[in-house]
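Student: The structure under discussion is supplied below as C-alpha cells; questions concerning it will follow.
The values are calculated or read from the model by the stated rules, or taken from the named source; none is laboratory data. Being a predicted model, the structure only gives us computed values, none of them experimental. All Cβ positions, even for glycine, are placed from backbone atoms using ideal geometry, and neighbour counts span all protein chains on display. Note: accessible area is taken over every heavy atom of the protein model, side chains too, but ligands, DNA and RNA are not part of it. Shrake-Rupley method; radii C 1.70, N 1.55, O 1.52, S 1.80 Å.
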Amino acid sequence: MSWDFETDPDFQRELDWVNEFVATQVEPLEFVLGDPYDKSDRVAEATVQPLREQVKQRGLWACHLGPELGGAGFGQLKLALLNECLGRALWAPSVFGCQAPDSGNAEILARFGSPEQKARFLRPLLDGEITSCYSMTEVHAGADPTLFVTSAKRSVDGWVIDGEKWFSTNARYAAFFIVMAVSNPEVSPYAGMSMFIVPAETPGVSIVRNSGVGTEPEDEGSHGYVRFDHVRVPDECLLGDEGAAFAIAQTRLGGGRIHHAMRTVGLVRSAFDMMCERAVSRHIRGGRLGDLQMTQERVADSWIQMEQFRLLVLRTAWLIDKYNDYRKVRKDIAAVKVAMPVVLHDVVQRAMHLHGALGISNEMPFSTMMVSAEIMALADGPTEVHKVTVARQILREYEPIDGAWPSAHLPTRREAALAALSRTLDHAAAEH
Ligand SMILES: Cc1cc2nc3c(=O)[nH]c(=O)nc-3n(C[C@H](O)[C@H](O)[C@H](O)COP(=O)(O)OP(=O)(O)OC[C@H]3O[C@@H](n4cnc5c(N)ncnc54)[C@H](O)[C@@H]3O)c2cc1C
C-alpha cells in the first residue's frame, strides 16, 4: 500500500534551496533584464550565467532530461514540485535550463534525432547557448493539423520547404526551427507529414512579423509569422522518420502540456498569495477585507480550486513516471490541460478584483496573468479538443447495455435481487 503525499526530506531540502534562490536571485531579474530567450543580449547572458552555474553545481540543471543528456533525470513527480517553484518567476526556467518551448524541442531531438543532429542542435540547446522554435500552426489552421499545407518536396539533394507558419514562439531569437510539413500529399495527413530541422540562417526563411499577446506593442512580440520560401534543406535535416510528424508532435506536446501545468501551479499560488496578503492588509468598514464573508468565499474557493488542480498535476506526473509512456496518460494530461486555464483565470480574477483599481492597473501583474490564462486555453491545443480527448477515453471504458432499462434501473434491480435471494428469504422466514 503506498498512497503518500509527503515530499522526501532530501528533496524538500533541494526545494527549500530553490525557493530561496528564486525569490532572492532570480525574481529580480525580470525588472532589469529583457527577454530570457534573447541570447544576443550580452548583458543578460553575463548576469545570468553565474546563476546557471550555481544551478548546475547543485545538480538541478535541465531536470526534465535524463543523465545521459546532462539532466538529473529524477522523473516527472519531482520535476512537478521543482517547476512549481520555477513558475513564479519569468527568468527561472531559463536559469534552470528547462524553459518551454526549448524543453519540448530538446525532448524530441533527444528521442528522434540522429547523432549528428544531437551534436549540432541538441547539445548547444541543452547548454543554454541557443534558442529554438517549434513551427507547426498555420494562419488558416491550428487546432486541426490535418489542414496544414506547408509542403516539403523531395529534390535531388534533399527537400524544398514552402509555406507559412504562425505563432511560432521565439522565432526571432531561434537558431533553428522544427517545422511540420506535408511531405506526401497522396496519403492521409497522419502518415504524410514530416518534421524538419531548419537552421534559421537558411536562405528563404523570413519573419513577416513578430506578433505579441495582450497589450504588447505591435510587431514587438515573441510569436513569429514565419515564411518558408523555397527553403532547401539536406536529407540530414529530416527529424525522425519520413511521415512521422504526428507521432513526434504528440510526444512533444504531451510533455509540454504537463510542464506548463506544473509551472502554472506556481503562478496560481503567487496570485493566491497576493489575494491573501491583500485580504489581511486592506482595511474597510472598520475591519479587514478578509473579515468580509464574500472575501472569505473568494479565498476558500481559490484555495480549493488550487489544491484540486495541484493534486491532479502531481497525480498525472506520478502516472507518467509509472508508465513512462505519454500515450497511456493522454486522458490525464488532457484533463490537466482543461483545468489549467480555468483555475488560473478564476484565482487571478478574484485576486485582481480584491485589489480594486490597483488590481487592473499596470502596476500589478494581474492583467498579464489573465492573458496567460487565455494562452493556456489555446497554446498546445484549445480546451474543447482536450475535453473531447478526456470524454472519448473515459467512454471507452464503458460497455453498452442490452435492452431499454439502464443497469441502475430500480425495479429491474429489485426484481433481480428478489430472484437471487428468494430461497434465502423464504428459508429465513420459515425459521423465524
Ligand atoms: C502564446 C501562444 C504561443 C504559441 N506557440 C506556438 C508555437 O510555438 N508553435 C506553434 O506551432 N503554435 C503555437 N501556438 C499556436 C497554438 O498551438 C494554436 O493557437 C492552437 O493550436 C489553436 O489554433 P488556432 O489559434 O488556429 O485556433 P483555431 O484552430 O482557429 O481554433 C479557434 C477556436 O475554435 C474552437 N475549436 C477549434 N477546434 C475545435 C474542436 N475540434 N471542437 C470544438 N471547438 C473547436 C475553439 O474554441 C478554439 O479556441 C501558440 C499559441 C499561443 C496563444
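Student: Among the numbered conditions (1) under 30 Å from D144 (Cβ atoms); (2) in a helix (DSSP H, G or I); (3) touching a Gly at 6+ places or on another chain (Cβ under 6 Å), tell me where D380 comes up short.
Tutor: (2)
Student: Could you list, in sequence order, all residues of the stretch 138-167 that are open to solvent by 50 Å² or more (accessible area, probe 1.4 Å) and either within 11 Å of the ligand (Cβ to nearest atom) or touching a Leu at 6+ places or on another chain (Cβ under 6 Å) (or both)?
Tutor: Within the stretch 138-167, V139, H140, A143, D144, L147, W166, F167 qualify.
Student: Here is a further query. Out of curiosity, is R423 touching a residue at least 40 places away in the same chain (Cβ under 8 Å) and either β-branched (V, I, T) or more than 16 Å from the ligand (Cβ to nearest atom) (or both)?
Tutor: No.
Student: Looking at T389, T368, can you tell me which residue is among the polar types (S, T, N, Q), open to solvent by 70 Å² or more (accessible area, probe 1.4 Å), within 16 Å of the ligand (Cβ to nearest atom) and in a helix (DSSP H, G or I)?
Tutor: That would be T368, the only listed residue that is among the polar types (S, T, N, Q), open to solvent by 70 Å² or more (accessible area, probe 1.4 Å), within 16 Å of the ligand (Cβ to nearest atom) and in a helix (DSSP H, G or I).
Student: Here's something else I'd like to know. Name the residues in the stretch 109-121 that are among the aliphatic types (A, V, I, L, M) and either assigned to a loop (DSSP other than H, G, I, E, B) or surrounded by fewer than 23 Cβ atoms within 10 Å (Cβ to Cβ) (or both), would you?
Tutor: A110, A119
Student: Mind checking which pairs have a first residue in the stretch 269-288 that is on the phi > 0 side of the Ramachandran plot and a second that is surrounded by 14 or more Cβ atoms within 10 Å (Cβ to Cβ) and not in a strand (DSSP E or B), Cβ under 8 Å, 6 or more apart or different chains?
Tutor: Pairs that qualify, where the first residue is on the phi > 0 side of the Ramachandran plot and the partner is surrounded by 14 or more Cβ atoms within 10 Å (Cβ to Cβ) and not in a strand (DSSP E or B), are R285/L292.
Student: Report every pair of residues separated by at least 6 positions or lying on different chains whose Cβ atoms are under 7 Å apart, first residue within the stretch 199-225 and open to solvent by less than 60 Å² (accessible area, probe 1.4 Å) and part of a strand (DSSP E or B), second within 11 Å of the ligand (Cβ to nearest atom) and of a type in the set (S, T, N, Q).
Tutor: Pairs found: N210/S222; H223/S168; H223/T169; H223/S211; G224/S168; Y225/S211.
Student: A further question follows. Could you please let me know if E397 is away from the ligand (no atom under 16 Å from the Cβ), open to solvent by 90 Å² or more (accessible area, probe 1.4 Å) and under 42 Å from the mean Cα position of the chain (by Cα)?
Tutor: Details: away from the ligand (no atom under 16 Å from the Cβ): yes; open to solvent by 90 Å² or more (accessible area, probe 1.4 Å): yes; under 42 Å from the mean Cα position of the chain (by Cα): yes.
Yes: the conditions hold for E397.
Student: Here's something else I'd like to know. Taking the stated definitions as given, is E374 within 11 Å of the ligand (Cβ to nearest atom) and open to solvent by 30 Å² or more (accessible area, probe 1.4 Å)?
Tutor: Numbers: within 11 Å of the ligand (Cβ to nearest atom): yes; open to solvent by 30 Å² or more (accessible area, probe 1.4 Å): yes.
Yes, satisfied.
Student: Among what's in the stretch 5-49 and is of a type in the set (K, R) and part of a helix (DSSP H, G or I), pick the residue that is nearest to E216 (Cα to Cα).
Tutor: Within the stretch 5-49, the match that is nearest to E216 (Cα to Cα) is R42.
Student: Could you tell me how many of the residues in the stretch 162-198 are polar (S, T, N, Q) and free of Cβ contacts under 8 Å to residues at least 60 places away in the same chain?
Tutor: Pass one, the stretch 162-198, residues polar (S, T, N, Q): 168-170, 183-184, 188, 194.
Filter once more, keeping what is free of Cβ contacts under 8 Å to residues at least 60 places away in the same chain: 168, 184, 188, 194.
Summing the residues that are polar (S, T, N, Q) and free of Cβ contacts under 8 Å to residues at least 60 places away in the same chain in the stretch 162-198 gives 4.
Student: Answer yes or no: is there a residue in the stretch 312-331 that is under 30 Å from L79 (Cα atoms), modelled with pLDDT under 95 and not in a helix (DSSP H, G or I).
Tutor: Taking every residue of the stretch 312-331 in turn, at least one turns out to be under 30 Å from L79 (Cα atoms), modelled with pLDDT under 95 and not in a helix (DSSP H, G or I).
Student: Taking N170 as meeting all but one of (1) within 16 Å of the ligand (Cβ to nearest atom); (2) on the phi < 0 side of the Ramachandran plot; (3) of a type outside the set (F, W, Y); (4) open to solvent by less than 40 Å² (accessible area, probe 1.4 Å), write down the number of the exception.
Tutor: Status for N170: all satisfied but (2).
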